[in-house]
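Trainee: First the structure, then my questions, so here it is.
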Amino acid sequence: MLIERVPVGALQVNCYVLGCKMTRQAIVIDPGDEAGAILVALDHHKLTLTRILATHAHFDHLLACRMLQERTGAPFYLHPADRPLVATLRRTCMAWLGYDPGSPPDITGDMAPNETIQAGDVALEVRHTPGHSPGSVTFVAHAERLAFTGDTLFA
């Protein structure tokens, strides 16, 4: 698995680009801002974005999601318990950063606990880890012995 960490936005969220070296399919986790930087990372590795995932739906983990959807057509998934947070994206971004980011991303579907999300040989198990938000999840890449925790654990 190819892994690139891209710290994005005013709050320096750890966005991850995960790619399959054979199929060139990719997953982006937590596209918190700076869609251009994320697209550069995808292009640099010659990857096609096939899934956009969020560890939770706070605004600072979603700000680049809509632009990635528009540029790539990739679907966006999150835990259903965080759907109400997406509706507050504009208001919370205004309160924290002082600007209107525009419309929130379109949610393609929900992730379920124990579901496996794949892109080529990239396989992520979804584990529900509520606490930071009602729908916080951790993505576990068993083959690599890695966990992508979002804000459940801060780096």
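Trainee: At a 1.4 Å probe radius, carbon and sulfur cover how many percent of the accessible area of the range 1-69?
Mentor: 52
Trainee: Arranged from highest to lowest average of other beta-carbon atoms within 10 Å per residue, in what order do the peptides 69-77, 23-31 appear?
Mentor: So the order, starting with the most tightly packed, is 23-31, 69-77.
Trainee: Which peptide among 47-55, 96-104 comes first, and what is the full order, when sorted by highest mean count of other Cβ atoms within 10 Å?
Mentor: 47-55, 96-104
Trainee: Just to confirm, what accessible area per residue do you get for the range 1-148 at 1.4 Å probe, in whole Å²?
Mentor: Accessible area per residue, the range 1-148: 46 Å².
Trainee: Turning to a different aspect of this structure: Counting only protein heavy atoms and a 1.4 Å probe, tell me what percentage of the range 71-155's accessible area is made up of carbon and sulfur.
Mentor: The nonpolar share, carbon plus sulfur, comes to 54 percent.
Trainee: Moving on. How much of the DSSP bridge set in the chain is antiparallel, in percent, rounded to the nearest 5?
Mentor: So the antiparallel bridges amount to about 70 percent of the total.
Trainee: Here is a further query. Provide the packing ranking of 132-141, 112-121, i.e. peptides ordered by the mean count of other C-beta atoms within 10 Å per residue, highest first.
Mentor: Final packing ranking: 132-141, 112-121.
The values are calculated or read from the model by the stated rules, or taken from the named source; none is laboratory data. Keep in mind the model is a prediction, meaning the values are calculated, not measured. Quick reminder, even Gly has a Cβ in these numbers, built from the backbone with ideal geometry, and neighbours come from all protein chains shown. Protein only, heavy atoms only, side chains kept; ligands, DNA and RNA dropped before computing areas. Shrake-Rupley method; radii C 1.70, N 1.55, O 1.52, S 1.80 Å.
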